[in-house]
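Everything on this sheet refers to the single structure shown next.
The values are calculated or read from the model by the stated rules, or taken from the named source; none is laboratory data. Quantities reported herein were computed from a predicted structural model and do not represent experimental measurements. With ideal geometry, Cβ positions are generated from the backbone for all residues, glycine too; neighbour counts draw on all protein chains shown.
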Amino acid sequence: MRRFSKCRSSVRRRKKRTADYAMQEMHDHGVSPWPEARQSAGETEESEEAMTPYQRHREKWKGCERCSLYRGRRSVVLCRGKLPCDVLFVGEAPGVSEDVLGRPFVGPAGKLLDEIVERALDGQYDYAITNLVACIPKAVPPVVVNKRTDDFDVDITRKGKWGNPFRIGPDGSRSEVLGKYAGWLPEQDALLKSLPELSGKLLGCVCVPLACHGNVLLRAWYKHVGADKLSEPPEESIKACAPRLRELIAIAKPRVLVRVGRLATKHCKFPVGVSCIDVIHPAAILRMDVSQQGLAVQRCVAAIEAALDDL
Ligand code: SF4
């Protein structure tokens, strides 16, 4: 039914969107259709006015440092596909391939998502893909700084849970106190479990440049977390990136929003009037037994088709 009900209005809409997309693709490949937009640094107001909404979006977010994920990224991974679109897919976070190539869902899970999209949309609907966060959630080591002279994210003085309970003086010299802390920390299960919280953070103490228990914390972080490991995006990053996602949804103006994966279901709000469905993340499908993968893909395809049929 859906296939035969698409008629001239659909063709007209597609032509318009193809033009939009051509502009976007030119931009993606570093070719600007607007001479003004090629002006460097001291851009004029005119050049900004000549940009498409998506180009302005890219300019706004390309250097974002709103959360600590910026410290581990190569690229700010915003969106791929056509804008505006009928269907917007929102996943969770860029992985390694996405970080390198600067485009969402381009690794193995992305290939599977493309297959699902192709089967469900059958070339009749425009679509775009983005994520809850635009930067790879990679474990970046914390850095210990002096809170009196430097900006910091986490206070590791005795005021909070990361403080050293042993004091210079009553508990010995600086090196003795650090030795006691190094012996005490491995027995603190709650603190060890919380170490991922410190990833990418600036730890503020009052000792640097002198030896400090922050260095002991840093060694524990390497042992229990480890640099470059991928993790789920932390909630604070999802919140920090929410305005970017809202902005992209406003540009995309989707009729159907597909939340891909558990985290997207939990955190992605959808605008009034937009149909929203949830599908399993393709990465989770790839982790299933091969005998179950076909059924999982078919369920995703059927859910998306049903949402489109209801439009
Ligand atoms: S708010 Fe988004 S774009 Fe900005 S640093 Fe965090 S994840 Fe990256």
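Taken over the range 75-102, residues that are more than 19 Å from CYS268 (Cβ to Cβ) and either touching a helix residue (DSSP H, G or I) at 6+ places or on another chain (Cβ under 8 Å) or part of a loop (DSSP other than H, G, I, E, B) (or both) amount to 4.
Any residue that is surrounded by fewer than 20 Cβ atoms within 10 Å (Cβ to Cβ), outside any loop (DSSP other than H, G, I, E, B), in the same structural domain as ALA303 (by TED's automatic domain parsing) and of a type outside the set (Gly, Ala, Ser) - is there at least one of those in the range 121-129? Checking the range 121-129: at least one residue is surrounded by fewer than 20 Cβ atoms within 10 Å (Cβ to Cβ), outside any loop (DSSP other than H, G, I, E, B), in the same structural domain as ALA303 (by TED's automatic domain parsing) and of a type outside the set (Gly, Ala, Ser). Has the range 280-294 got at least one residue that is of a type in the set (Asp, Glu) and touching a residue at least 12 places away in the same chain (Cβ under 8 Å)? Checked against the condition, which is being of a type in the set (Asp, Glu) and touching a residue at least 12 places away in the same chain (Cβ under 8 Å), the range 280-294 yields no hits at all. Taking the criterion of being surrounded by 11 or more Cβ atoms within 10 Å (Cβ to Cβ), assigned to a helix (DSSP H, G or I) and not acidic (Asp, Glu), the residues of the range 163-178 that qualify are ARG174, VAL177, LEU178.
What residue, among those in the range 63-80 that are more than 8 Å from the ligand (Cβ to nearest atom) and of a type outside the set (A, V, I, L, M, F, W, C), is nearest to ILE129 (Cα to Cα)? Result: ARG80.
So that you can scan it fast, the table gives a plain yes or no per residue for (1) under 32 Å from the mean Cα position of the chain (by Cα); (2) of a type outside the set (S, T, N, Q); (3) more than 16 Å from the ligand (Cβ to nearest atom):
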{"site": "THR157", "(1), (2), (3)": "yes, no, yes"}
{"site": "VAL177", "(1), (2), (3)": "no, yes, yes"}
{"site": "LEU191", "(1), (2), (3)": "yes, yes, yes"}
{"site": "VAL206", "(1), (2), (3)": "no, yes, yes"}
{"site": "LEU218", "(1), (2), (3)": "yes, yes, yes"}
{"site": "ARG244", "(1), (2), (3)": "yes, yes, no"}
{"site": "ARG259", "(1), (2), (3)": "yes, yes, yes"}
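Among the residues of the range 60-72, those identified as closer than 20 Å to SER199 by Cα, touching an Asp or Glu at 6+ places or on another chain (Cβ under 9 Å) and either modelled with pLDDT of 95 or more or not in a loop (DSSP other than H, G, I, E, B) (or both) are SER68, ARG71, GLY72.
On inspection, LYS201 does not qualify as surrounded by fewer than 17 Cβ atoms within 10 Å (Cβ to Cβ) and of a type in the set (D, E, K, R). With the condition kept exactly as written, say whether any residue in the range 95-113 is within 16 Å of the ligand (Cβ to nearest atom) and of a type in the set (Asp, Glu). The answer is yes, given that some residue of the range 95-113 is within 16 Å of the ligand (Cβ to nearest atom) and of a type in the set (Asp, Glu).
Determine, yes or no, whether VAL297 is part of a helix (DSSP H, G or I) and either under 30 Å from PRO142 (Cα atoms) or not aliphatic (A, V, I, L, M) (or both). When the stated conditions are applied, VAL297 does not pass them. Per the listing SER194, SER173, SER199, the residue uniquely farther than 16 Å from ASP155 by Cβ, of a type in the set (Ser, Thr, Tyr) and touching a residue at least 12 places away in the same chain (Cβ under 8 Å) is SER199. Residues in the range 190-231 that are touching a Leu at 6+ places or on another chain (Cβ under 6 Å), over 26 Å from ARG148 (Cα atoms) and modelled with pLDDT of 95 or more: none. Restricting attention to the range 236-292 and to residues that are of a type in the set (Lys, Arg) and in a helix (DSSP H, G or I), the residue that is surrounded by the most Cβ atoms within 10 Å (Cβ to Cβ) turns out to be ARG244. When the criteria are applied in full, GLU115 meets the requirement of being surrounded by fewer than 20 Cβ atoms within 10 Å (Cβ to Cβ) and acidic (Asp, Glu).
For the range 194-203, the condition holds for at least one residue, the condition being that it is in a helix (DSSP H, G or I), within 20 Å of SER68 (Cα to Cα) and either aliphatic (A, V, I, L, M) or touching a Pro at 6+ places or on another chain (Cβ under 7 Å) (or both). Does ILE156 meet the test of being aliphatic (A, V, I, L, M), in the same structural domain as LYS201 (by TED's automatic domain parsing) and modelled with pLDDT of 95 or more? In short, yes.
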